[in-house]
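Student: Mind looking over this structure? Questions follow.
The values are calculated or read from the model by the stated rules, or taken from the named source; none is laboratory data. Note that the coordinates shown come from a computational prediction; the quantities given were computed from them, not determined experimentally. Note: ideal-geometry Cβ built from the backbone for every residue, glycine included; neighbour counts use all protein chains shown.
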Amino acid sequence: MTKVWHGTCFFANMNLTSKQSLIAIVVLAVVCVFLGAQLFVGNQNFNELTGDYDRLEMDKEQVVFDLEKMRFSYDTLQTENSMMIAEISAQRDRIDGLLTKVKNGYWELGRAKKEAETLRTIMKGYIATIDSVNQLNQALSEENLAMRDRVEEVQGLNDKLEERQGNMEEIIAAGRVLQSSEISAVGVRILSSGRQRETSRADRTEMIKVCFTLLENKIAKPGDKLLHLKITQPDGSVLSSGEDENDEFSASRTIDYSNDRLEACIFYTSEGESMGLEAGAYLIEILEEEVVIGSISLGLR
C-alpha cells in the first residue's frame, strides 16, 4: 500500500512540474512577443523621430541658406536715395538678427520662414523701385546728351546744364524743359504795299523774324507755354520790347503745346518805321520762362 501511494505521488509531482514549465514557457513567450513588439514600435518611433530631426535640420539649413542668400542680395542693392539706403540697412540688420536666432535654435522655423518670405517680398519691392529709377536715369541721361549736342554752340549753356543736373530732381526738371531746333532768324523790311521782304541791312531792318520747331517732349506738361525772345545787340545791350524799360526780353508769345513737334515764329518790331539797328552780329535766344531752349546769330551789315 505504501509503495503504491508513493508512486502515485511521484507521478502527480511529475505532471505538476510539466504543467508549470509549460505555463512558464507560454508566459515567457508572451513576454518575449510583447517586448519584441515594444522594441519594434520603439524602433519605428525612433526612426520617425530621427527622420523628423533630419528633416528639421534640413529645413533649418535651408532657412539659413535662404537668409544668407537674401543677405547677399540686399548687399548688392545700389541706390543714391538716402531714405532707401536707411531702409535697406534696417532690413539687413533684421536678417542678421533672424539668422542668429535660427542658427542658435531660438526661433521657430515656421515663423522664420514667414519672416524670410516677408523680407523677400520687401526686397523685391526695392529691386523694382531701383530698376525703375535706373531706367528713368538712363532715359534722362540719353535725353541730356541729345540736348547737349543741340546747344554746343551756345556760350556757357553747358555749364548751366551741369549745375542743374546736380541731383535727380534737377535732372527731371531739365528734362521737362522744351527744346527747339531748325531755328532761323532774318531781318525784315516792310514795303509800302504792306508786303514783307527779307533784308540783311541794319538800317533797313524794321522787324526781326525768328522761326523754330519745338521738339517732341512726352514728359513736359502740356498746355500754354510762354516763350520769350531775347535779342542782344553787338554792344551787349538787349533790344527792349518797348513795354518796360527794365524788361529783359525783346518779345514774347504764348503757344499751346501738346507734347508733339510744333512749328512757331516770334516777331520783334518797334513802334517807329525803323529800329535804327547797328551793323554787327546779334545774338538771338529763345527762352521758355527763364530757360534758354535755343539760340542763333543774326548778322546785319
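Student: Is it the case, given these coordinates, that GLU162 is among the acidic types (Asp, Glu), over 30 Å from SER258 (Cβ atoms) and at pLDDT 75 or above?
Tutor: no
Student: Being at pLDDT below 90 and not in a loop (DSSP other than H, G, I, E, B): is that true of ASP244 here?
Tutor: For ASP244, the condition - at pLDDT below 90 and not in a loop (DSSP other than H, G, I, E, B) - is not met.
Student: Mind checking which residues of region 118-137 are under 18 Å from LYS69 (Cα atoms) and either modelled with pLDDT of 75 or more or not hydroxyl-bearing (Ser, Thr, Tyr) (or both)?
Tutor: THR118, LEU119, ARG120, THR121, ILE122, MET123, LYS124, GLY125, ILE127
Student: With respect to GLU115, determine if the residue is under 26 Å from ALA264 (Cα atoms), in a helix (DSSP H, G or I) and either modelled with pLDDT of 70 or more or over 26 Å from the mean Cα position of the chain (by Cα) (or both).
Tutor: No.
Each row is one residue, and each column tells you yes or no for (1) within 27 Å of GLY175 (Cα to Cα); (2) of a type in the set (Asp, Glu); (3) surrounded by 17 or more Cβ atoms within 10 Å (Cβ to Cβ); (4) under 45 Å from the mean Cα position of the chain (by Cα).
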position: CYS211; (1), (2), (3), (4): yes, no, no, yes
position: LEU214; (1), (2), (3), (4): yes, no, yes, yes
position: LEU226; (1), (2), (3), (4): yes, no, no, yes
position: ASP235; (1), (2), (3), (4): no, yes, no, no
position: GLU248; (1), (2), (3), (4): yes, yes, no, yes
position: ASN259; (1), (2), (3), (4): yes, no, no, yes
position: LEU277; (1), (2), (3), (4): no, no, yes, no
position: GLU288; (1), (2), (3), (4): yes, yes, yes, yes
position: ARG301; (1), (2), (3), (4): no, no, no, no
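Student: Only one of these is within 30 Å of THR79 (Cβ to Cβ), at pLDDT 75 or above and more than 27 Å from the chain's Cα centre (by Cα): LEU98, LEU140. Name it.
Tutor: Criteria check complete, one pass: LEU98.
Student: Say whether the condition of being modelled with pLDDT of 75 or more, exposed (fewer than 14 other Cβ atoms within 10 Å of the Cβ), farther than 28 Å from VAL64 by Cβ and hydroxyl-bearing (Ser, Thr, Tyr) is met by at least one residue in region 171-180.
Tutor: No, region 171-180 contains no residue that is modelled with pLDDT of 75 or more, exposed (fewer than 14 other Cβ atoms within 10 Å of the Cβ), farther than 28 Å from VAL64 by Cβ and hydroxyl-bearing (Ser, Thr, Tyr).
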